[in-house]
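Inspection log for the structure reproduced underneath, given as C-alpha cells.
Just so it is clear, none of the values below were taken in a lab; they were calculated from the coordinates. Because the structure is a prediction, the values reported are computed rather than measured. All Cβ positions, glycine included, derive from the backbone under ideal geometry; neighbour counts span all protein chains shown.
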Amino acid sequence: MSDLNLVLVEPQIPQNTGNVARTCAVTGSALHLVKPMGFEIDDRKLKRAGLDYWDKLDITYYDSLDSFLKINSNESLYFFSTKAYNSFSGISYPKRCFLVFGKETAGLPPELIRSNPERSVRIPMRDSLRCLNLSNSVAIGAYEVLRQWGYPGLTNDPAFRF
C-alpha cells in the first residue's frame, strides 16, 4: 500500500479523474474514488486522460463518503477546500497520509471542513476567483507532500539526454 493516498470524493468530470490517475501512476500514489461518480469508470474520456497507466494504479472504490471516512478513520486525512484557513504548504505531512478532494462543482461538505479545522487546508489563490481545476489541485498537493518526503522512489534523472 502506498504512503501517499489521493482521494476524489464524487468526481464528476472524467478527464479530471483520468489526469489524477496519471498523477498517481507517475508518483506511486494510491487512488481512492468515492461514489457516486458522474461517469462510468470505463468512460472513453477517462481512459484517454489516464493514458496507458491504468495497469500501474492501486485503486480503491468506496460507496460513499461516510464509508470512506469509517474505513480510514485511523488514517491521517487532510481535506482540501477553498473554505479552509490553513495553507497546504504550512502542514508537515506524516509519512502516510490521505489528501481528500471534493467534487468539481461543490467541493467537500462544509460540515466536514468545520469539524476538522486543523486538517483542512487550502491552496492560496486570488480571492476574486472561485477555485483551481481539480486535477491541478491534486497535483499541487501531491507534489508538496512528496517534496517534504524527499521524493521517495522518484527519479530526478532526465528521461532522455541530448
Exercise. DSSP beta bridges in the chain, what fraction antiparallel, as a percent rounded to 5?
Worked result: 5 percent
For this session: Arrange the peptides 55-62, 16-23 so that the one whose residues have, on average, the most other Cβ atoms within 10 Å appears first.
Result: 16-23, 55-62
Exercise. Looking at the chain from every direction and averaging, what is the projected area of its Cα convex hull in nm²?
Worked result: 10.5 nm²
Exercise. Using only helices, what value at 222 nm comes out for the chain when you add -39,500 (n - 2.57) per DSSP H run of length 4 or more and divide by the total residues, to the nearest 500 deg cm²/dmol?
Worked result: -8500 deg cm²/dmol
Exercise. Which far-off residues, 5 or more places away or on another chain, put their amide H under 5 Å from the one on V121, with H placed in the peptide plane?
Worked result: F79, F80, S81
For this session: Take region 81-162, drop everything but the C-alpha atoms, weight them equally and run the Debye formula without solvent; then report log10 I(q)/I(0) at 0.15, 0.16, 0.22 Å⁻¹ to two decimals.
Result: -0.61, -0.68, -1.12
Problem set entry | Candidates E144, E118, E104: whichever shows maximal mean-square fluctuation once the chain is modelled as a Gaussian network with Cα springs under 10 Å | E118
